[in-house]
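A.B. asks: Take this structure first; my questions come after.
Here, each number is a calculation from the coordinates, and none is a lab measurement. Worth saying up front: this structure is predicted, and the values here are computed from it rather than measured.
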Amino acid sequence: RARIDDRKFFLNDSDQYAQIGATASDGKIAFAPSKEGFFKITPDEEFKTKISSLFLIKLENDGSADIRISETFSGMAFAAMKKTLEELTPENLRRLYEEKASELSHSAVISGTPLKNFDAYPGKFEMSLKIPNFANFANNRIYFSLPERPRALASAQFSRENPFFLTEIMKTKN
């Protein structure tokens, strides 16, 4: 672990696409023999790995929708997306956009040109979609599926802390 101008970072724990301060070992246990002993690796808040998504949905009377997706990438998510975007050919980049659109609906059509900016931190990605038959109107109610439900549930499954980590280490030493 090192510091520059009151910013801490961990050496040899990222790649050339990551910002200094991001770490692939966020939440893992480390050992500092000089003074701290065991400690939990925690990057500064701005370098924690996360993707923040914002969906603006404009629902039309015919059930179609105009959807604007804005995503902000930080930490190692920034590094992974920056690497992906820099290494893709123009055709594969077009396919990536189509895949992102089809995650919402197989009938989604991209409106305009998607915007991406990973030259600055955090990285930003925006795209607009037109989805016919996004919602149904029946019995004075509107029925539609919210975007991003599967990814939100998937991340809830994998993020947890294990308070017994040190106990397990002690058992293996005996």
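A.B. asks: How large is ³J(HN,Hα), in whole Hz, for each residue of the range 122-131 in order, when computed from phi with the Karplus curve 6.51 cos²θ - 1.76 cosθ + 1.60 and θ = phi - 60°, using x for Gly and Pro?
C.D. replies: Running phi through 6.51 cos²θ - 1.76 cosθ + 1.60 with θ = phi - 60° gives x, x, 10, 9, 9, 8, 10, 10, 10, 10 Hz.
A.B. asks: Each residue of the range 51-65 in order: what ³J(HN,Hα) in whole Hz does its phi give by Karplus 6.51 cos²θ - 1.76 cosθ + 1.60, θ = phi - 60°, with x for Gly and Pro?
C.D. replies: Residue by residue, the range 51-65 yields 10, 9, 10, 10, 10, 9, 10, 10, 8, 9, 4, 7, x, 7, 9 Hz.
A.B. asks: With θ taken as phi - 60° and the coefficients 6.51, -1.76 and 1.60, list the Karplus ³J(HN,Hα) couplings across the range 10-21 in order, rounded to whole Hz; mark glycine and proline as x.
C.D. replies: With the stated coefficients, the range 10-21 comes to 10, 7, 6, 10, 8, 9, 5, 8, 7, 7, 5, x Hz.
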